[in-house]
Amino acid sequence: MANSDLFLLSATQAAAEIARGAFSAEDYTRACLARVDAVEKDVQAFAHLDPEHAIAQARRLDEHKAKGGALGPLHGVPVAIKDIIDTEDYPTEFGSPVYVGRRPYHDATVVAKLRSAGAVIMGKTVTTEFAYFNPGKTCNPHDFTRTPGGSSSGSAAAVAAGMVPLALGSQTNGSIIRPASFCGVFATKPSHGLVSRKGVLSLSCELDHVGPFARNLEDIALVMETLAGYDPDDEDTRPIAVPPFRKVLSEKFPLAPRFAFVRTPIWDKADESTRTAFEQLANKLGESCYPVDLPERYVAAWEAQRTIMSVDMAHRFGPAADQRGEGVSQVMHDLIAAGRKVTATTYLRSLDVARALEDGLNSVFEECNAIITPASRGVAPVGLGSTGDPAFCSLWTLTGLPSLCLPLLSGEDDMPLGVQLIGATGDDVRLLRTARWLVEAIGGKNPRRRGKASAGA
């Protein structure tokens, strides 16, 4: 393979080839940077990028290897970081003019783990303002007139366009899974508390998750082994062993998995083409897939999610919005105003709803391996003034269950349409193995889809 085509390699492939000496970390980083040069003017995925700094990191890694140093699992692999995650060598500005020029002193825990694993921190990707709804500059790589989703817009687009094999995002409602669906890449929102959020802009401790975007499930497994684990600085993490993601992913499934097809109480919000595509998918899976209608009480999930998010964000961002006034968007001012009106009893009742619904959903897994449901109501909408509707992610974020986006379907104009797979609390590793079975069973498309700036044909 010519050096100019190295950007097409997955993280797993590149790490293995760099380790055996087929090419250097600098070669791979330069290939990714050349891809950035080719498509960034249209996609606009990066908020901050310093090519020379990225190359300098890769050179240091090559020097370390040449001296016989131990290689981490991500040695020489460029990773892009959402601009709400602290990096000591790049600004972290939260997608807001209020924080322009903000320079953290320390890496977030997840960034420090990536560096320890040998990753090249490529740059910072565009986020919506404070990781909420006010969009940034990024366009969808498959159609520049469409949104890439949000709030992890730049991270999803950078992976979809082939600029990096891996990127980090965050989700408080639908900010990982929705952009992954719109941009046609793999992604995971881990179980709540599996990945540290220390050094990540906090919207809501009850709802915040950090997770990766990638081109395949092998890369998801690779990076999750680095990211997962206990952090005493994040009280929601637990001192338990990191699951062997790569080992379990490669294992043969002892029995064909069973899927619960959950339409959710908001099924009518899905586009007609989405409903049809998922009905066809369920039919194709045959006896392996059966419908489950959630009880009426699940209707409360969406209001509970909005309540918790609005109160927590009003608490965290209200003072800044009051002080900076016009420097904060109207959509943020409206959210803060709504959060300030919520009573304490309503907020606490919403937390109770979240826990009760989580318990109820976990009982579904007594009969199945995973829940299958849409990742979004449809394909990425035309227009850059909105990031799309996160409704099909809200329930799973509220309850903290692990979810994956699999780029297996197509919708209008052959745009990507993601399949969302949900697992039981803490069952991330087996959910990944179930996802592999599903990808192989239905013959999903290569995630490097055709598109104006997609990573290949």
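Numerical summary
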read-out: Residues of segment 109-133 classified as closer than 21 Å to D86 by Cβ and out of contact with any Phe, Trp or Tyr (no Cβ under 8 Å at 6 or more places or on another chain), total; value: 15
read-out: Strands (runs of 3 or more DSSP E) contained in segment 165-264 and holding at least 1 residues among the hydroxyl-bearing types (S, T, Y) and over 28 Å from E366 (Cβ atoms); value: 166-171
read-out: Lone qualifier among A301, A277, A320, A314 - being within 30 Å of S410 (Cβ to Cβ), part of a helix (DSSP H, G or I), in contact (Cβ under 8 Å) with a residue 24 or more places away in the chain and touching a helix residue (DSSP H, G or I) at 6+ places or on another chain (Cβ under 7 Å); value: A301
read-out: Hits in segment 219-271 (condition: closer than 24 Å to S288 by Cα and exposed (fewer than 15 other Cβ atoms within 10 Å of the Cβ)); value: S250, E251, K252, F253, P254, L255, A256
read-out: Residue satisfying all of: in segment 47-99; over 27 Å from R324 (Cα atoms) and of a type in the set (K, R); surrounded by the fewest Cβ atoms within 10 Å (Cβ to Cβ) among these; value: K67
read-out: Residue in segment 238-258 that is closer than 27 Å to R146 by Cα, touching a Phe, Trp or Tyr at 6+ places or on another chain (Cβ under 6 Å) and touching a residue at least 60 places away in the same chain (Cβ under 8 Å) present; value: no
read-out: So G174, is it crowded, with 24+ Cβ neighbours inside 10 Å, under 28 Å from L398 (Cα atoms), of a type in the set (G, A, S) and touching a Pro at 6+ places or on another chain (Cβ under 9 Å); value: yes
read-out: Where E279 falls short, out of the listed (1) surrounded by fewer than 18 Cβ atoms within 10 Å (Cβ to Cβ); (2) under 30 Å from E93 (Cβ atoms); value: (2)
read-out: Matching residues in segment 242-260 - criterion: being hydrophobic (A, V, I, L, M, F, W, C) and within 22 Å of the chain's Cα centre (by Cα); value: V242, F245, V248, L249
read-out: Some residue of segment 92-100 being acidic (D, E) and more than 17 Å from the chain's Cα centre (by Cα); value: yes
read-out: Hits in segment 140-158 (condition: in contact with a helix residue (DSSP H, G or I) (Cβ under 6 Å, 6 or more places away or on another chain) and surrounded by fewer than 22 Cβ atoms within 10 Å (Cβ to Cβ)); value: F144
read-out: Which listed residue is under 23 Å from G150 (Cβ atoms) and not in a loop (DSSP other than H, G, I, E, B), from D334, D359; value: D334
read-out: Some residue of segment 430-443 being under 15 Å from the mean Cα position of the chain (by Cα), charged (D, E, K, R) and more than 17 Å from E279 (Cβ to Cβ); value: no
read-out: A375 being buried (at least 23 other Cβ atoms within 10 Å of the Cβ) and closer than 17 Å to R263 by Cβ; value: yes
read-out: Single unsatisfied condition, R430 versus (1) at pLDDT 95 or above; (2) crowded, with 20+ Cβ neighbours inside 10 Å; (3) not in a helix (DSSP H, G or I); (4) not polar (S, T, N, Q); value: (3)
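The values are calculated or read from the model by the stated rules, or taken from the named source; none is laboratory data. Quick caveat: nothing in here was measured; it's all calculated off a predicted structure. Cβ: placed from backbone, ideal geometry, glycine included. Neighbour counts: every protein chain shown.
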